[in-house]
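**Student:** Quick one: this structure, given as structure tokens, is what I'll be asking you about.
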């Protein structure tokens, strides 16, 4: 456009010049000479005009190139900005879509505990076991590693102090031989010797004789903790893969202030061993552990069946959730199973109010981590399997009637775990090195049955709940240094049954239910047992108590997600071994033989602050 304008102006100038030359002029004497010079002058002016036009065209071309370059640069800049903006938008969308697929929630809890406990007067079973093994060392033939002194019933008439000194001197003077003897000693050898004493009618008199030895009798004492602080962090992850498939997980960290070892010194309580089922329910360390992780496939083939596989939601089940001011946290009854395990659930939704489930789990896998390749096939243990059913017989917002049945096959004398064992359970010798050891079961003991019926009801401002429970053992005759199913070492196990019931009530204040006060009571019989080692009670799981437990609690929602809790709990034990399927329970109102000390009674107060997010 600019070029056309320049050419137009040039032509106008030429036209004006031509008109000027053809205009009439005044007559003069020199007019003829001027006319003679007009052609040459015009040609000169035309050449000058051409040069001017060419100069203008060159300038115009330069300006056009500069303008085009500027336009291209601006367009390129706009394209770059657009690509960056588009990439940012895509990244934001992808991040939002990824986050929308995973829903995060969780809670942090701080607790302060004060504990006052009383240990009853008892006879130290480990000390008596140690004297028995030293007696075997003294009397076992030299070919079998002993000193070869024949045993005589007359030894039992010897003053007990003299007898103990004889044993200790024999060990001290032959300590290397004693180490060789005990390192090669097996439980079967000790059991055979015990059965030999029984055949001679000397086992009970011999045990009574050893009970009078120095340091065997332990007077009652207290075991208090003025203050004990704990941290717990739980992170929940939920993701819906499709309309009927989802994945759920919970990561947990639970620790005592100042301790992240993850391993306890074994003190006789079932929650003092770090096993697979308790890593998140008992204070452990600052490690974030997988408490739950499973997928759920609902409406399989447009049916009412569903399948779920993984680390099961088997803790915090009803009715144990009420005192935590939480909804139902686990599938099975918390009165008989509060224990993490890996397994499978296959269920059927009968209707909106009824769900039936068949559950399978594996508690001990003998073929992994236990050195099975070092053993002959006939010497290897069998896996411990769990099979059960959990039935929501009626479930609404206000009512839950739930029944749970479980059977444990080939139960072992404990599960794989880490522990510091203060004594060798076979010899009774002290382990002064406090070495962390991997505990591995030594025998399959038989089966265990568990059954529970729970009823919960919201009636006005009151939550009422009741749980009735049964346990039964089916021993196969095996015993270990810790004993057999509900039997002591060197005894023949027999089937035992136990019962436990729990009642509770919680009152909700006001329309918003921010303040709640509750009370619970449970009682367990002599042979009662459950799998509740992961229950959230830092002294010991209250539902496995062979005796009575009283608990009162108060919760206040400072905000909807920030909760204050005060709790007081009283344990009164009637029998030893609560929480254990091993050993014959001993009455605690008399002086009994205890392999490890236990509480006769304990009282704990707890103050908690919970932030849920």
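**Student:** For the condition at positive phi, touching a helix residue (DSSP H, G or I) at 6+ places or on another chain (Cβ under 8 Å) and in the same structural domain as residue 541 (by TED's automatic domain parsing), what is the one hit in 338, 316, 302?
**Tutor:** 316
**Student:** Kindly list the number of the only condition in (1) at negative phi; (2) touching a residue at least 40 places away in the same chain (Cβ under 8 Å) that fails for residue 569.
**Tutor:** So the condition that residue 569 fails would be (2).
Residue-by-condition table, conditions (1) in contact with a strand residue (DSSP E or B) (Cβ under 9 Å, 6 or more places away or on another chain); (2) closer than 12 Å to residue 123 by Cβ:
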site	(1), (2)
190	no, no
198	no, no
202	no, no
215	yes, yes
223	yes, no
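**Student:** Can I ask one more? Would you mind finding the one in 386, 415 that is assigned by TED's automatic domain parsing to the domain that holds residue 453, assigned to a strand (DSSP E or B) and surrounded by 17 or more Cβ atoms within 10 Å (Cβ to Cβ)?
**Tutor:** On the way: 415 fails: assigned to a strand (DSSP E or B).
None of the others qualify; the one that does is 386.
**Student:** Is there any pair linking a residue in the range 116-143 that is without any contact (Cβ under 8 Å) to a residue 24 or more places away in the chain to one that is assigned to a helix (DSSP H, G or I), with Cβ under 6 Å and at least six apart or on different chains, and which?
**Tutor:** Going by the 6 Å Cβ cut-off, there are no qualifying pairs.
**Student:** State the number of residues belonging to the range 252-292 that are free of Cβ contacts under 8 Å to residues at least 60 places away in the same chain and on the phi > 0 side of the Ramachandran plot.
**Tutor:** So the answer is 1.
**Student:** Sticking with this one: So which residues in the range 366-381 are surrounded by 12 or more Cβ atoms within 10 Å (Cβ to Cβ) and in contact (Cβ under 8 Å) with a residue 12 or more places away in the chain, if there are any at all?
**Tutor:** Matches in the range 366-381: 366, 370, 380, 381.
**Student:** State whether the residues of the range 365-377 include one that is under 29 Å from residue 272 (Cα atoms), in contact with a helix residue (DSSP H, G or I) (Cβ under 7 Å, 6 or more places away or on another chain) and modelled with pLDDT of 95 or more.
**Tutor:** no
**Student:** Just checking, which of 267, 231 is over 18 Å from residue 311 (Cα atoms) and at pLDDT below 95? Break it down into steps so the answer makes sense when it comes.
**Tutor:** Values: 231 fails: at pLDDT below 95.
After ruling out the rest, the residue left standing is 267.
**Student:** Any residue at all in the range 123-142 that's outside the structural domain of residue 589 (by TED's automatic domain parsing), more than 20 Å from residue 191 (Cβ to Cβ) and part of a helix (DSSP H, G or I)?
**Tutor:** yes
**Student:** Another question about this same structure. Determine if the range 476-483 includes at least one residue that is surrounded by 20 or more Cβ atoms within 10 Å (Cβ to Cβ) and closer than 30 Å to residue 318 by Cβ.
**Tutor:** no
**Student:** May I pose another question? On the basis of being in contact with a strand residue (DSSP E or B) (Cβ under 8 Å, 6 or more places away or on another chain) and without any contact (Cβ under 8 Å) to a residue 12 or more places away in the chain, does residue 444 make the cut?
**Tutor:** no
**Student:** Can you tell me how many residues in the range 491-547 are assigned to a strand (DSSP E or B) and farther than 30 Å from residue 476 by Cα?
**Tutor:** Total meeting the criteria: 16.
**Student:** If you check 194, 213, which single one turns out to be assigned to a loop (DSSP other than H, G, I, E, B), within 46 Å of the chain's Cα centre (by Cα), surrounded by 14 or more Cβ atoms within 10 Å (Cβ to Cβ) and touching a residue at least 40 places away in the same chain (Cβ under 8 Å)?
**Tutor:** 213
**Student:** Could you tell me whether any residue of the range 498-518 is free of Cβ contacts under 8 Å to residues at least 60 places away in the same chain and closer than 27 Å to residue 228 by Cα?
**Tutor:** Yes, some residue in the range 498-518 is free of Cβ contacts under 8 Å to residues at least 60 places away in the same chain and closer than 27 Å to residue 228 by Cα.
**Student:** Right, residue 252: more than 26 Å from residue 600 (Cα to Cα) and within 16 Å of the chain's Cα centre (by Cα) or not?
**Tutor:** yes
**Student:** Restricted to the range 150-177, and to residues that are without any contact (Cβ under 8 Å) to a residue 12 or more places away in the chain and not in a helix (DSSP H, G or I), which residue is farthest from residue 203 (Cα to Cα)?
**Tutor:** Looking at the filtered set, the residue picked out is 159.
**Student:** Pick from the range 421-438 the residues that are surrounded by fewer than 18 Cβ atoms within 10 Å (Cβ to Cβ) and assigned to a strand (DSSP E or B): which of them is farthest from the chain's Cα centre (by Cα)?
**Tutor:** Only one residue tops the list, namely 430.
This table checks each residue for (1) out of contact with any strand residue (DSSP E or B) (no Cβ under 7 Å at 6 or more places or on another chain); (2) within 24 Å of residue 471 (Cα to Cα); (3) not assigned by TED's automatic domain parsing to the domain that holds residue 535.
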residue	(1), (2), (3)
555	no, no, no
559	yes, no, no
566	no, no, no
573	no, yes, no
591	no, no, no
594	no, yes, no
599	no, yes, no
603	no, no, no
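The values are calculated or read from the model by the stated rules, or taken from the named source; none is laboratory data. This is a predicted model, so every value here is computed, not measured. For neighbour counting, all protein chains shown are included, and Cβ atoms are generated from backbone atoms with ideal geometry for every residue, glycine included.
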